[in-house]
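The structure appears below as structure tokens.
The values are calculated or read from the model by the stated rules, or taken from the named source; none is laboratory data. In this text the structure is predicted, and so the values were computed from the model without any measurement. For neighbour counting, all protein chains shown are included, and Cβ atoms are generated from backbone atoms with ideal geometry for every residue, glycine included.
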Amino acid sequence: MERAAPRVLVADDEDDIRGLVRLAVRRAGCTVVAEVADGLAALDAARTAVPDLAVLDVSMPGATGLEVCAALRADADLSGIRVLLLSAGASADDVARGLAAGADSYLAKPFSVAGLVTRVRELAAGGTA
Amino acid sequence: MTAVDAFPPTTDALPLDDAGLLRAEVARLTGERDALRAQMERRDVELETATRMLAARAQTMTSVIDAVTEQSIIGTDVDGVVRVWNPGAEKLLGRPRADVVRKQRITDFHLAEELAAAGGGLSALVQVALAEGRDVRDWTYVTATGEERTVSVAVTPRSDDSGEHAGWNFVGTDMTEARAAERLKDQFVSLISHELRTPLSAILGYLELVLDDPDQPLTDEQRSYLSIVERNAQRLLRLVGDLLFTAQVEAGRFTLQPEDVDLSAVLRGAEETARVAATAGGVRVDLELPAEALVVRGDAVRLGQACDNLVSNAVKFTPAGGRVTLTLRAGWQHADGRFGDRELPGTAPVVRIAVRDTGYGIPAAELDQLFTRFFRASTARRNAVKGVGLGLSITKAITTAHGGTLDVASVEGRGTTFTLTLPR
């Protein structure tokens, strides 16, 4: 039997960026199980769908990507969800804050679609990138 | 017999010759006395004149100090007790001269917590001026109403007329509004830069999809147009990055990620980055790298950015047919900045990156301002060299953060050499 495609949650308040992420997730051979535009909706979706990977924008209304990530890590049922943070903040401090919140990987905007595809594929396969 | 007894009261009883001698002596002494008196009168006049001049000078000094209303001028004795308090100090701190002079200390007007954090007491205020003769930095003054003001204070020691240390001068400029405006500007730049990156992400991301779609290949013309769009989006992105970085440096929020960095690789990368522009501009770029790897501890991304800036500037400043040479050398630096190949007492191990061009050069009078942000050399404007004037200030900030120095030598019409020296 063919192995099911990894399930991915996409959260970003920018429609156009969500479109790019959706495309990259599909190109990485994964399925988008939920697409949301704010942090609180991302947490709800994570609890409902329990995806393999969450691609979270850092600056979102409701709750930031960092807060969503920390909440996932604090929840025993959800702590196994791998997290890729996307952020317009590209400084070393921004990356450090993201990783400190428990993210598996961090990608600064603007990102290359090809790079995001690779990152999603690696994370969905269970590795860290 | 005393000297007085030697002179009899009259000359009548003396022999004629003696009387004549005595009269002559009296006449000589009278002359001397008159001369001394005249000299004394002259000295009196001179002294009076000098006293008047001194008083006038003191009056001038006082009136100048009193005329300063926008800067506080506070003079203290060696213990910090206030002796001079000008109208500027009255205005800034809201306390009249009579309430302060000889009654309060300079430290009474400083924010106590800030002073304590700097070591406390008068010594915290004057220690740098004591060692270096002068110190300028921001301090927080507290006014009579308890309001805190950010003041740029220049501290200098004061001597008395015999050259003895007599106290301290504190000349302050109220920077409260200016500093608040700077903070606001930096916050604004950070916010705008952040916000600009999101639409740029969408532009570049979707462009990538169109340019790299194997199912729907573009015509050469379409590809060429979209490549121009992409190049300009990248340029905008670099500008946003430069603005954000400059704001971080200004706000003191710039940190390095240190690792071992191979500088030959950094320079090769800078040459590669500049290659397209150099080829288009007819400029030859040569690399002179040592055979062995030169590794320093530093932030690879930032050092790459610094070298990219220098090389891209050199290419932009060099007309067609010119040449840009990048050299990398290890050596030893003396305390006065001289560079040598051998280790000698008092030298420190360094690496030097030199970017030399045969371009337009920079007028000598402008070299001092070259590392100021948004400054553009007149030769850049005259020759329509593109840029906003951030590259060199960023390069300087990166170099300084690595404990290095950035120097420039230039001859207008002949070319420029930037030398980046880093400790190794």
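Table for the structure above
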{"item": "Single residue of the stretch B:357-389 satisfying the filter (of a type in the set (D, E, K, R) and under 12 Å from B:N313 (Cβ atoms)) that is nearest to the chain's Cα centre (by Cα)", "result": "B:R376"}
{"item": "Verdict on A:A24 being crowded, with 17+ Cβ neighbours inside 10 Å, more than 10 Å from chain B (Cβ to nearest Cβ), closer than 13 Å to A:L86 by Cβ and of a type in the set (G, A, S)", "result": "no"}
{"item": "Which numbered condition B:R23 misses (of (1) in contact (Cβ under 8 Å) with a residue 12 or more places away in the chain; (2) assigned by TED's automatic domain parsing to the domain that holds B:V136)", "result": "(2)"}
{"item": "Meets criteria (under 12 Å from the mean Cα position of the chain (by Cα), surrounded by 22 or more Cβ atoms within 10 Å (Cβ to Cβ) and either within 30 Å of B:F254 (Cβ to Cβ) or away from chain B (no Cβ under 14 Å) (or both)) for A:S87", "result": "yes"}
{"item": "Looking only at the stretch A:99-118, and only at residues there that are touching a residue at least 24 places away in the same chain (Cβ under 8 Å) and away from chain B (no Cβ under 14 Å), the one that is surrounded by the most Cβ atoms within 10 Å (Cβ to Cβ)", "result": "A:A103"}
{"item": "Flag if B:V151 is closer than 19 Å to B:M175 by Cα, β-branched (V, I, T), touching a residue at least 60 places away in the same chain (Cβ under 8 Å) and surrounded by 15 or more Cβ atoms within 10 Å (Cβ to Cβ)", "result": "yes"}
{"item": "Pairs where the first residue, in the stretch B:347-358, is not assigned by TED's automatic domain parsing to the domain that holds B:L310 and the second is in a strand (DSSP E or B) and not basic (K, R), C-beta under 8 Å, 6+ apart", "result": "none"}
{"item": "Verdict on B:L218 being surrounded by 13 or more Cβ atoms within 10 Å (Cβ to Cβ) and within 14 Å of chain A (Cβ to nearest Cβ)", "result": "no"}
{"item": "Condition broken by B:R197, with the remaining ones in (1) in contact (Cβ under 8 Å) with a residue 40 or more places away in the chain; (2) within 22 Å of A:G115 (Cα to Cα); (3) away from every other protein chain (no Cβ under 14 Å); (4) not hydrophobic (A, V, I, L, M, F, W, C) satisfied", "result": "(3)"}
{"item": "Residue in the stretch A:1-54 that is nearest to A:P110 (Cα to Cα), counting only those that are part of a helix (DSSP H, G or I), touching an Asp or Glu at 6+ places or on another chain (Cβ under 9 Å) and basic (K, R)", "result": "A:R18"}
{"item": "Condition met for B:T421 (in contact with a strand residue (DSSP E or B) (Cβ under 7 Å, 6 or more places away or on another chain), assigned to a strand (DSSP E or B) and farther than 17 Å from B:R297 by Cα)", "result": "no"}
{"item": "Unique residue being of a type in the set (A, V, I, L, M, F, W, C), in the same structural domain as B:D407 (by TED's automatic domain parsing), closer than 23 Å to B:S378 by Cα and in a loop (DSSP other than H, G, I, E, B) when the list is B:A320, B:A335", "result": "B:A320"}
{"item": "Single unsatisfied condition, A:R47 versus (1) surrounded by 16 or more Cβ atoms within 10 Å (Cβ to Cβ); (2) away from chain B (no Cβ under 14 Å)", "result": "(1)"}
{"item": "Which numbered condition B:L191 fails, given (1) exposed (fewer than 13 other Cβ atoms within 10 Å of the Cβ); (2) among the aliphatic types (A, V, I, L, M); (3) more than 13 Å from chain A (Cβ to nearest Cβ)", "result": "(3)"}
{"item": "Matching residues in the stretch A:60-78 - criterion: being within 14 Å of chain B (Cβ to nearest Cβ) and either within 12 Å of A:G98 (Cβ to Cβ) or out of contact with any Asp or Glu (no Cβ under 8 Å at 6 or more places or on another chain) (or both)", "result": "A:T64, A:G65"}
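Conditions (1) of a type in the set (A, V, I, L, M); (2) closer than 18 Å to B:P349 by Cβ; (3) not assigned by TED's automatic domain parsing to the domain that holds B:V385, marked per residue:
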site: B:L263; (1), (2), (3): yes, yes, no
site: B:G269; (1), (2), (3): no, no, no
site: B:T273; (1), (2), (3): no, no, no
site: B:A280; (1), (2), (3): yes, no, no
site: B:R284; (1), (2), (3): no, no, no
site: B:V296; (1), (2), (3): yes, yes, no
site: B:V301; (1), (2), (3): yes, no, no
site: B:Q305; (1), (2), (3): no, no, no
